[in-house]
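J.: One structure follows; several queries about it will come next.
The values are calculated or read from the model by the stated rules, or taken from the named source; none is laboratory data. Since the model is a prediction, treat every value here as computed from it, not as a measurement. No Cβ is skipped: glycine too gets one built from the backbone with ideal geometry, and neighbour counts run over all protein chains shown. Side chains are part of the model used for accessible areas, which takes the heavy atoms of the whole protein and leaves out ligands, DNA and RNA. Shrake-Rupley method; radii C 1.70, N 1.55, O 1.52, S 1.80 Å.
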Amino acid sequence: MYLRTGLWAAGLGLAVAIAAGPANAQTPKKGGTLIYMIAADSPPSFDGHRETTFATVHATAPFYSVLIRVPPDNPSSTTDFVCDLCTEMPKATDGGKTYAFKIRQDVKWHDGSKLTAADVAESWKRIVFPPQGTTSARVSYYAMVDKIEMPDDQTVTFKLKYPTTAFLPALADPFTYIYKKEILEKDPRWYEKNIMGSGPFKFASYDIGQSIKGVRNPDYYHKGQPYLDGIEGIFADKQSVRVEALRGDRAAIEFRGMPPSARDQLVKEAGKDVAVQDSDWNCGNIVSYNHKRKPFDDVRVRRALSLAVDQWGGAPALSKIATVRTVGGIVFPGSPLAATKEELQQMAGYWPDIEKSRAEARRLLKEAGQENLKFELTNRNVDQPYKFVGTWLIGEWKKIGVTVEQKVVPTGPWFQAMRGGTFDVVVDANCQSVVNPVLDTGKYLPKKVYPESYGDYDDPKSIELYNKMTQETDPAKQRAAMRAYEKHTLDTEAHGIVTPYWYRIVMARSYVKGWKISPSHYLNQDLANVWLDK
Amino acid sequence: MSIITRNESTGALTDDALPRKKTALDAALNFIRRQPLGTAGLVIMILMFVTAALANVLAPFDPEENDFQAMMQAPSWIHLLGTDQMGRDIFSRLVYGARTALLVGFSAAFAGGLIGLVLGVASAYFGGWFDLVFQRILDVLMAFPLIILALAVVSVFGTGVFNVILAITIPLIPRCGRVVRASALAVREIPYVDAARALGFGHSRIVLRHMVPNVVGPFLILLSAFVGQAILAEASLSYLGLGVQEPVPAWGLMLQGGAEEYATTAPWIAIFPGLAIVMAVLGISLFGDALRDAIDPKLRDR
Amino acid sequence: MYRYIVTRLLLAVPTLVGAAALVFVLMRLIPGDVCVIRMGSGGSHVSQAAVDACRQQLGLNDHIFVQFLSFLGHYFTFDFGISMWSGRPVVQEIATRLPVSLQIAVMATLIAVVIAIPLGTISALRENTWLDHVVRVVAVAGIATPSFWLGIMSIVLVLDITYLATGKAWMPPIDYVSFWQDPIRNLSIVALPALTVGYRYSAVTMRMTRSAMLEVMREDYIRTARSKGLIEQIIINRHALKNALLPVVTLIGIEFAFLIGGLVVTEQVFNLNGIGRLFVQAVQNQDNVLTQALTMLVVLIFVVTNLVVDVLYAWLDPRIRYS
Amino acid sequence: MNAGAASPLLEVKNLAMHFPVTEGIVLSRKIGDVKAVDGVDFTIGRGETLGLVGESGCGKTTTGRCILRLEKPTTGQILFDGQDISHMSRKGLVGLRRRMQVIFQDPYSSLNPRMKVGDIVGEPIKVHGVEPDARKRDVRVRELLQVCGLDAKFADRYPHEMSGGQRQRVGIARALALDPEFIVCDEAVSALDVSIQAQIVNLLEDLRERFNLTYLFIAHDLSVVRHLCQRVAVMYLGRIVEMAAVDELFDNPLHPYTQALLAAVPIPDPRVEATRDFRPAPGEVPSPINPPSGCVFHPRCPLAVENCKRARPVLRELRPGHWVACSEAH
């Protein structure tokens, strides 16, 4: 089930192993309440525009509609987007600068009033150009948007400053809930604490820190959906609690992702009663060096640390205990722009012969006068997979005589250490929703170009290579440009180590049908097509 | 103080007037006979010390060496207590973990105890405003949730062994300070303290030489309880991710990820470190109880 | 007595202010803030503009003294603020969680008393017999066992046993309902955590009961009572136990105060939506307002419990009278 | 033997020590005073021994503690060698400590049980820098022990290995360590067996002659006072009621309280004496928080007249050197 030969050969498309039987072949049954676990304590607010955490999406996405989205029946696609509130996906006009969306006319708000294009336009204006006093977390995604207009009461038009392929993926962002204009005008922050949408489920109740409940929206515009009578999301930060809940059938599914130990246990114990879906995850841990601290300004030291790590040996072992699996470069494996195994093996840290690699690492350290290198690895206080990855790395570095102490700090201090540059080496993370390698690889640019690059180095060559890659429109040439940028980043300069990509394992009681995994835990969470086979 | 010979009519001042001293052996035999549980505790403690001291001899594997060829193996003749998720030998990690436990337990107990001792005695000696303020500080520290203190220490200084000791030490100070202050208040009323004042000694000499040595009895008993508490506190902090960090071999840390994730699939990962903690704290507590009974049955814990 | 209580309450003020200052300073020593955590939690894209706006809105840009004075000032007017994380009033956040924690604490106390006092008494009466040794080892083991480990093991044991017995693992429901709504569901949720906490608690109490009983049994009036020929049972009930209860009451009170703070780990293990778990969340989110309020609550509970214990003590023991 | 000698070593003028009685802790209200010492005057000449007697609780020990400055007196002056020490700072007192020492009542509790005898006696010598050299100091300690009638070997013992009399000798040696001029003996023998009492009293007498010491001898046992002291002051409820040379006082007591005291002693059997309830006058000793008006003794006094309830009697010199605070005494 987990052998996915052909992935590298194909180099295209997402490898998704679906263990949940042939769901599509069955006719969905109606009724029942889906109890699912939300892997967080509770979201800071319900306002998707403002929040960045999946806890908000998992709790509130079923109550809202969005303009466009990834296809619910094929959510792992990186190129397809389908309408939710629009009637059909528009063709770009004006040289790729104008997108006009026709809005469905059969949509009712949960309060019974009619959803109009004005609501859609107002919501999008709030996301792209947040008014004073409101917060929009992803304004930077929409830097290309010039104007949002409503030429008639059935159309919403986006005018861009320049044509770009990054626009539609950004528009499909799962946080872009459509809110009612009337409410926004009365109180722009009403949606932080209240829920009133047009999605497949109507908000029923919320117990702070415990659960959120919804009931079927009988007026839902996607006819026949939703199948469920109700939903209940239970908040549980502790992983073991979620695993136990599934094991004891107190909850039917957990959407974020479980560690392999839970999978092994549940599959062994419950067998057919539990279905597993898994996928590479558009998230990964990156080792970043503080270039402002010696000796990490020395490329020989950085390269040595990369060379010491046995990616090919470590990944399959780690995948048994941690939510990581696939060795990759700076591009999400499986994306058309990703490196093949052979290409990866040309770079430091990916050499097929680990002994040779470690010998070279020792030689470089000796040359740099750092044979007894000692440093502190700052890590985030999160077990999966941060601490597993950290512990693994420390073990790998020990093999070339480097002594590392792990400094694990809570999320706040971890961010602050990275942002303030108060670390030696840090286990950083890069986690995205819609797969978009062109934007996602910005993380490896110097800080002055990309503020969330924490290595704090200056590297004009890197910017040059990146720009060349983004401006290339020919797929093959763009791929080659990406290789050059990648090799410069990971091999020549060794700015960081990309540890094996995260691996999303979603387990459900096998009576849960209809839901499909995607490479991001943010996507495809409105639950309209989920049904229970019991 | 009660051993006095009242036979003085002759005024002869010879050594014969002294009672026979009890030998250490007598005391030890008496302790074993009267405190079987305490003796068991002592044996556990000695075992723990020996284990810690000889860790590098006893442990068959490097406790920090990942071995992906041997992940989560059940106990066998090679790996006596099995291996953990990283393929590390649990027995070896437990053996080395004894060092961490003793280091954390004893350092925190001694540091917290000593600070509490000196402050408690000083508070009783000076009285007045100093005492009032000191008592309020103790109240604050006593009531203050450990997790906030620990989190602040860890966030500011990081998760090294030393910082964990620091985080555990602070809440121990008031517990010791309270008890010691109560005994010191009694000591303060004893005339030899007045005598010291009348002789013109400085405050620090009176506190450190004349009062502190006379409250060490209850203090020593407290210490034994503190060692156990510190080991448990370290485990709890580890559980919340605020304790010693990987790959350092520490019992609490071994439970942190392992106990919950592998309790069913690889139960040895969850069970043995827990048992080690229980045994260690059990041994220390039993010994401490017995010591208390032997020295002063009127002393109560806390 | 009335004056004594008033004085003690007044003494609590500096303690509370001290705790306020301590938690205030500690929370600000921790690098990072609630805004960074909130805006960064989705991945690595931290929108600086959003962070700045958030800080401005929460008053994190104010001078630290202004922040502290406003914090203290608001407390004097019983305004405990708005959670920085959820935007809901702190009082509401706490009020939702408090019943869970209190229920566990009260049940654990009941369990402790019911188990500890009889066992501790028997242990004292049969001092140095095998029965005494067994009781003591059980008691000390309760203190020596990390409560989270006990909790985890008990959950897993329930799952494993039901799985082996029925082929289907069973566990208690995970979403809390109040006792009045559905007593059976409520008890099945709370039973395990209350037992876990209660065991440790009863262990501490059992030890205290035993040593207090032993001490009282050595005192003159017990010997007098015996020499008068009273039946031993009556001596124990009327005289010894009543007097031995004094330190036990103190301990139960003080432990109760510690219990509220100590629920942190247990609630985490059992996913109970109580004060302890809220505390961990507040601290992790660097929600200063909520953390401060919770700290003050814990300290207040501690102070009040201590007072109640002292008053109870005076009430139980006529020898103690406070001027 | 004359109280009016040219320059007395110690002069106590109108000394009072009131302990406030308060309610509440933070917002404490003073609700009264315990007038432990309430206006005491006396002088002690060089080489003289003044006995201070009275029932327990009469304020004699507090008077001694004030003079030693273990307490800070509320009002009044304490002139030691002409210098007022009643409000002297802690630093100023350091010099005084070398000249003025104390011997405590209880030989069991006045020695630090954690220190060896040699250290107990040697510590003041070391702290005050009298003899910085450890070896010479040791010699001096042994000398002191021998002077006090103890074998030098005792320097290596702990107090709990010694008897009460031996320990009291250690206490005396410690008091002598700094070579003082003046020693307050606070019930120095009353905790000892009668046979030992005599030994210690004799030792104190010897030492007085040998080192030219001045004593304030606080006691409730009149027989010891008669043996050792030249003059005696009798205290009652914080005040001196009568003061005279020792023989004069014993032969011719003028104050009704003194008379009652003397009538109660001596009892031949020391054991009975030691255990007897010491209550010379009928009735209870009134509370020092709320002492009787006028003459504090009037509720218990056989001679009391109406005026005694109102006017506080002053000390009058009824005979040469014999002072009495009683309006009815002649």
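J.: Note the angle between two axes, namely the Cα long axis of helix C:288-316 and the longest principal axis of the Cα atoms of chain C, as a number of degrees from 0 to 90, rounded to the nearest 10.
T.: The two axes meet at around 20 degrees.
J.: If you average 1/r over every pair of different alpha-carbon atoms in region A:216-308 and take one over that average, what Kirkwood value in Å do you get?
T.: Numbers: mean 1/r = 0.0560 Å⁻¹.
Result for region A:216-308, one decimal place: 17.9 Å.
J.: Ok, one more. Measure nothing fancy, just the Cα-based angle from helix C:2-29's long axis to the longest principal axis of chain C, in degrees from 0 to 90, nearest 10.
T.: Tilt relative to chain C: about 40 degrees.
J.: Here's something else I'd like to know. Rounded to the nearest 500, what is the 222 nm mean residue ellipticity of chain C from helices alone, with -39500 (n - 2.57) per DSSP H run of 4+ residues and division by all residues?
T.: So the calculated ellipticity at 222 nm is -25500 deg cm²/dmol.
J.: Quick check on chain C: what are the equivalent-ellipsoid semi-axes from the Cα gyration tensor, as sqrt(5λ), descending, whole Å? Mind showing how you got there, number by number?
T.: Details: eigenvalues 377, 162, 44 Å².
Sorted largest first and rounded, they come to 43, 28, 15 Å.
J.: Something else now. Provide, as a two-decimal number, the C-alpha radius of gyration of region B:17-127 over 2.2 N^0.38 Å, N being how many residues it has. Intermediate values should be presented prior to the final figure.
T.: Numbers: Rg = 21.6 Å, N = 111, 2.2 N^0.38 = 13.2 Å.
For region B:17-127, the normalised Cα radius of gyration is 1.64.
J.: At 1.4 Å probe radius, can you tell me the per residue accessible area of chain D in Å²? Spell out each step's value before the answer.
T.: Details: 14010 Å² over 330 residues.
For chain D, the solvent-accessible area averages 42 Å² per residue.
J.: Just the accessible area for B:Arg197, please: 1.4 Å probe, Å², rounded to the nearest 10?
T.: 80 Å²
J.: Another question about this same structure. With all protein chains present, how much of the accessible area of chain A (probe radius 1.4 Å) comes from carbon and sulfur, to the nearest whole percent? Could the numbers behind the result be given before it?
T.: Values: 9300 of 18300 Å².
Percent of accessible area from carbon and sulfur atoms in chain A: 51.
J.: With N set to the residue count of region D:33-77, report its C-alpha Rg divided by 2.2 N^0.38 Å to two decimal places.
T.: Details: Rg = 11.1 Å, N = 45, 2.2 N^0.38 = 9.3 Å.
So the Cα radius of gyration is 1.18 times the expected 2.2 N^0.38 Å.
J.: Moving on to the next point. Find how many whole Å separate the alpha carbon centroid of region C:127-173 from the alpha carbon centroid of region C:69-99.
T.: So the separation of the two Cα centres works out to 38 Å.
J.: Averaged over all directions, how much area does the convex hull of the C-alpha atoms of region B:153-302 cover when projected, in nm²? Mind showing how you got there, number by number?
T.: Numbers: hull surface 45.1 nm².
The orientation-averaged projected area of the Cα hull of region B:153-302 comes to 11.3 nm².
J.: Hey, with R₀ at 51 Å, roughly what FRET efficiency would A:Asp353 and A:Asp146 work out to, going by the Cβ-Cβ distance, to 0.05?
T.: After rounding to 0.05, the efficiency reads 0.45.
J.: So what is the relative contact order of chain A, in percent, for Cα pairs below 8 Å that sit 6 or more residues apart? The partial results should precede the final answer.
T.: Working: 1134 pairs, mean separation 121.5, N = 534.
Reported relative contact order: 23 percent.
J.: While we're on this one: At a probe radius of 1.4 Å, figure out the A/B buried accessible area, summed over both chains, and give it in Å² to the nearest 100. Don't skip to the answer; put the middle values down first.
T.: Numbers: alone 21700 and 16910 Å², together 36140 Å².
By this definition, chains A and B bury close to 2500 Å².
J.: Sorting A:Lys91, A:Lys147, D:Lys35 by accessible area (1.4 Å probe), largest first, what list results?
T.: Working: A:Lys91 170, A:Lys147 95, D:Lys35 65 Å².
Greatest to least solvent exposure: A:Lys91, A:Lys147, D:Lys35.
J.: Now for a different question. In debye, nearest 20, what is the charge dipole magnitude of region A:121-278 about its Cα centre with +1 on Lys and Arg Cβ and -1 on Asp and Glu Cβ, if you could check? Mind dumping the intermediate values first?
T.: Details: 23 positive and 22 negative charges, 40 e Å.
Its charge dipole is roughly 200 debye.
J.: Hey, got the Cα dimensions of region A:235-274 along the principal axes, in Å, largest first?
T.: Result, largest extent first: 26, 19, 14 Å.
J.: Kirkwood hydrodynamic radius (Cα pairs, Å) of region D:112-170?
T.: On the way: mean 1/r = 0.0881 Å⁻¹.
Over region D:112-170, the inverse of the mean reciprocal pair distance is 11.3 Å.
J.: Just for chain A, what percent of DSSP beta bridges are antiparallel, to the closest 5?
T.: 75 percent
J.: Right, something else. Once you average over the residues of C:14-26, how many Cβ atoms of partner chains fall within 10 Å of each Cβ?
T.: Shielding by partners across C:14-26 averages 5.
J.: Can I ask one more? Which listed residue (C:Leu195, B:Ile284, A:Leu168) has the Cα farthest towards the positive end of the charge dipole for the protein assembly as shown, taking +1 on Lys and Arg C-beta and -1 on Asp and Glu C-beta about the Cα centre?
T.: Of the listed residues, the answer is C:Leu195.
J.: Treating only the Cβ of Lys, Arg, Asp and Glu as charged (+1, +1, -1, -1), what charge dipole size does the protein assembly as shown show about its Cα centre? Round to the nearest 20 debye. Write out the running numbers ahead of the final one.
T.: Values: 154 positive and 144 negative charges, 93 e Å.
Its charge dipole is roughly 440 debye.
J.: Please give the calculated 222 nm ellipticity per residue for chain D, where each DSSP H segment of at least 4 residues contributes -39500 (n - 2.57) and the sum is spread over every residue; nearest 500 deg cm²/dmol? Don't jump to the answer; show the numbers that get you there.
T.: Numbers: 10 runs with 101 residues, N = 330.
About -9000 deg cm²/dmol.
J.: Where Rh denotes the Kirkwood radius from the mean inverse Cα pair distance, what is Rg over Rh for region B:174-238?
T.: Values: Rg = 15.5 Å, Rh = 13.4 Å.
Over the Cα atoms of region B:174-238, Rg/Rh equals 1.16.
J.: Over all directions, the average projected area of the alpha-carbon convex hull for region D:7-136 comes to how many nm²?
T.: 11.2 nm²
J.: Let me ask something additional. How many Å² of accessible area per residue for chain C, probe 1.4 Å? Don't skip to the answer; put the middle values down first.
T.: On the way: 13560 Å² over 323 residues.
Counting only protein heavy atoms, the per-residue value for chain C is 42 Å².
J.: Still on this structure, please answer the following. How big is region B:19-70 by Rg and Dmax over its Cα atoms, in Å?
T.: Here Rg and the maximum Cα pair distance are 19.1, 68 Å.
J.: Using a 1.4 Å probe over the heavy atoms of the protein chains, calculate the carbon and sulfur portion of the accessible area of region D:51-140 as a whole percent.
T.: Values: 1710 of 3660 Å².
Answer for region D:51-140 is 47 percent, counting heavy atoms of protein chains only.
J.: How big is region C:1-134 by Rg and Dmax over its Cα atoms, in Å?
T.: 23.6, 72
J.: Sticking with this structure for a sec: If you project the alpha carbons of the protein assembly as shown onto their three principal axes, what span does each projection cover, largest first, in Å?
T.: Between the extreme Cα coordinates on each principal axis of the protein assembly as shown lie 131, 71, 69 Å.
J.: What accessible area per residue, rounded to a whole number of Å², is obtained for region B:209-275 using a probe radius of 1.4 Å? Don't skip to the answer; put the middle values down first.
T.: Working: 1330 Å² over 67 residues.
Dividing the accessible area of region B:209-275 by its residue count gives 20 Å².
J.: For region A:18-159, what's the relative contact order in percent, using C-alpha pairs closer than 8 Å and at least 6 residues apart?
T.: Numbers: 166 pairs, mean separation 25.4, N = 142.
Contact order relative to length: 18 percent.
J.: If one takes the accessible area of chain B alone plus chain C alone and subtracts that of the pair, with a 1.4 Å probe, what total in Å², rounded to the nearest 100, results? Display every interim value, and only then the final one.
T.: Values: alone 16910 and 18100 Å², together 30630 Å².
Using a 1.4 Å probe on protein heavy atoms, the buried area is about 4400 Å².
J.: Within 10 Å of each Cβ in peptide D:115-123, how many partner chain Cβ atoms are there on average? Round it to a whole number, please. All intermediate terms of the calculation are to be shown ahead of the outcome.
T.: Details: counts 5, 0, 0, 0, 1, 4, 0, 0, 6.
That average works out to 2.
J.: Also, quick follow-up: In whole Å, what three semi-axes, largest first, describe the equivalent ellipsoid of region C:129-179 built from its Cα gyration tensor (square root of 5 times each eigenvalue)?
T.: Details: eigenvalues 179, 52, 23 Å².
Taking √(5λ) for each Cα gyration eigenvalue gives 30, 16, 11 Å.
J.: As an exercise, take the mean of 1/r over every pair of distinct alpha carbons in chain B, invert it, and state the Kirkwood radius in angstroms.
T.: Details: mean 1/r = 0.0458 Å⁻¹.
Evaluated over chain B, this radius sits at 21.8 Å.
J.: Now, a different point. Quick one: accessible surface of A:His495, probe radius 1.4 Å, all protein chains present, in square angstrom to the nearest 10.
T.: 10 Å²
J.: Turning to a different aspect of this structure: Rounded to the nearest 100 Å², what is the sum over both chains of accessible area buried where C meets A, with a probe of 1.4 Å? Intermediate values should be presented prior to the final figure.
T.: Numbers: alone 18100 and 21700 Å², together 35380 Å².
Using a 1.4 Å probe on protein heavy atoms, the buried area is about 4400 Å².
J.: Give the peptides A:409-415, D:285-291, C:47-53 in descending order of average Cβ contacts within 10 Å, highest first. The partial results should precede the final answer.
T.: Details: A:409-415: 25.7, D:285-291: 15.3, C:47-53: 18.6.
Descending mean neighbour count gives A:409-415, C:47-53, D:285-291.
J.: How big is region A:128-252 by Rg and Dmax over its Cα atoms, in Å?
T.: 18.7, 54
J.: How big is the charge dipole of chain D about its Cα centre, in debye rounded to the nearest 20, if each Lys and Arg gets +1 on its Cβ and each Asp and Glu gets -1 on its Cβ? Before the final figure, lay out the partial values.
T.: On the way: 41 positive and 40 negative charges, 204 e Å.
My answer is approximately 980 debye.
J.: Report in % the part of the accessible area of chain C that belongs to carbon and sulfur, leaving out ligands and nucleic acids; probe 1.4 Å.
T.: Numbers: 9440 of 13560 Å².
About 70 percent, which is the carbon plus sulfur part of the accessible surface.
J.: With angles folded into 0 to 90 degrees, how steeply does helix A:388-398 sit against the dominant principal axis of chain A? Use alpha carbons for both and round to 10.
T.: In chain A, helix A:388-398 runs at an angle near 10 degrees to the longest axis.
J.: While we're here: Which listed residue (C:Thr96, C:Gln292, C:Leu10) has the Cα farthest towards the positive end of the charge dipole for chain C, taking +1 on Lys and Arg C-beta and -1 on Asp and Glu C-beta about the Cα centre?
T.: Result: C:Leu10.
J.: Would you count, across region A:457-516, every pair of lysines whose alpha carbons are under 25 angstrom apart, provided the pair is eight or more residues apart or spans two chains?
T.: Values: A:Lys461/A:Lys477; A:Lys461/A:Lys487; A:Lys468/A:Lys477; A:Lys468/A:Lys487; A:Lys477/A:Lys487.
Lysine pair count for region A:457-516: 5.
J.: In addition: Counting only protein chains, not ligands or nucleic acids, how are A:Trp281, A:Trp190 ordered by accessible area (probe 1.4 Å), most first?
T.: Details: A:Trp281 5, A:Trp190 75 Å².
Largest accessible area first, the list is A:Trp190, A:Trp281.
J.: Kindly identify residues of region B:181-218 having a loss of at least 50 Å² in accessible area between the isolated chain and the assembly of all protein chains, probe radius 1.4 Å.
T.: Output list: B:Pro191, B:Tyr192, B:Asp194, B:Arg197, B:Ala198, B:Leu199, B:Phe201, B:Arg205, B:Arg209, B:Asn214.
J.: What's the average, rounded to a whole number, of partner chain beta-carbon atoms within 10 Å of each residue's beta-carbon in C:149-161? Intermediate results must be reported in sequence, preceding the final value.
T.: Details: counts 16, 2, 3, 9, 6, 0, 7, 10, 1, 2, 7, 5, 0.
Per-residue shielding by partner chains comes out at 5.
J.: Next question. How high is the relative contact order of chain D, in percent, counting Cα pairs under 8 Å that sit 6 or more residues apart? Let's see the in-between values first.
T.: Details: 619 pairs, mean separation 64.4, N = 330.
Relative contact order for chain D comes out at 20 percent.
J.: Let me ask you something else. Under DSSP H, which helices of chain D have Cα atoms covering 24 Å or more of the helix axis and a Kyte-Doolittle average no less than -1.0? The partial results should precede the final answer.
T.: On the way: long enough: D:194-211 (25 Å, 0.14).
Sorted by number, the helices that extend far enough and score high enough are D:194-211.
J.: Among B:Ile147, B:Val95, B:Ile115, flag the residue with its Cα farthest along the positive direction of the charge dipole of region B:50-148, charges on Cβ as +1 for Lys/Arg and -1 for Asp/Glu.
T.: Value computed over the given set: B:Ile115.
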